[in-house]
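Report on the structure given below.
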Amino acid sequence: MRRLAAAAAAFHVMAVMAPGVGAAPADDVNQFRFTRRSNDASELTFTAPGLGDPMRLRAGSGTVSDECLINFGWLPLGAYDVSAHDTDLEGDIAGYAWELSDGQCYDGTFRTDLLIHSEMSADGGQDPTWEPNVWTDDAPDDYTSFGCIKVSYEDVLALEQAYERVEDAGYRAELLVE
């Protein structure tokens with residue numbers, strides 16, 4: 001009986017100390033939270049110290065719901081570090097982006113090259129000469145991605161402004177996918 005009581009007490013201490021999925025972010029963290037609902041109509045929330053009310057943005061991820069399908073599935077469940085914040089990324093994904101740590105899906109498959117981004121050119125604008133860099137709001141694939149999190153062009157601009165306001169305070173950033 002004593003072992004059971006000791007195990008229950010240890011479990012209680014761990015449960016109180018460990019942040020849960022519904023836990024509020026710590027005071028020193030810029031928190032992104034991605035709630036998976038569908039590939040093109042999920043929600044990205046951004047909460048940060050001093051920001052006020054959380055930003056709630058429509059977001060998408062992947063083209064199918066199988067998180068283990070590399071380059072097609074949505075972002076795997078779990079926690080990610082935001083390892084870098086870019087304002088002039090160049091390549092297939094360009095412009096403003098938040099680089100995420102690698103993730104592992106339910107079957108052990110590792111997912112790499114993960115970002116929060118939009119469709120834009122490296123200078124943060126819209127490049128009408130290359131379709132992947134043009135946000136149209138009416139194209140069916142605007143919110144789908146190759147497994148990253150994608151928000152609208154207008155929303156990424158607003159997110160960038162909010163993030164810059166709190167980034168200088170030196171807070172670390174993380175993403176929780178639920």
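Values in this text are rule-based calculations from the coordinates and carry no lab data. Treat the numbers as computed from the prediction; the structure is a model and nothing was measured. All Cβ positions, even for glycine, are placed from backbone atoms using ideal geometry, and neighbour counts span all protein chains on display.
A few points about this structure:
- Sorted ascending by nearby beta carbons within 10 Å, beginning with the fewest, M120, M55 become M55, M120.
- Inter-label distance, A158 to D102: 3.5 nm, where each label sits 7 Å from its Cα along the C-beta direction.
- Per-peptide packing, taken as the mean over residues of other Cβ atoms within 10 Å, places 147-153, 37-43, 96-102 in the sequence 147-153, 96-102, 37-43 from highest down.
- Note on D123 and D53: their simple-model spin labels are 3.5 nm apart, each label 7 Å out from Cα toward Cβ.
- Full-stretch length increase - D92, T136 - with 0.36 nm per residue and alpha-carbon distance subtracted: 14.1 nm
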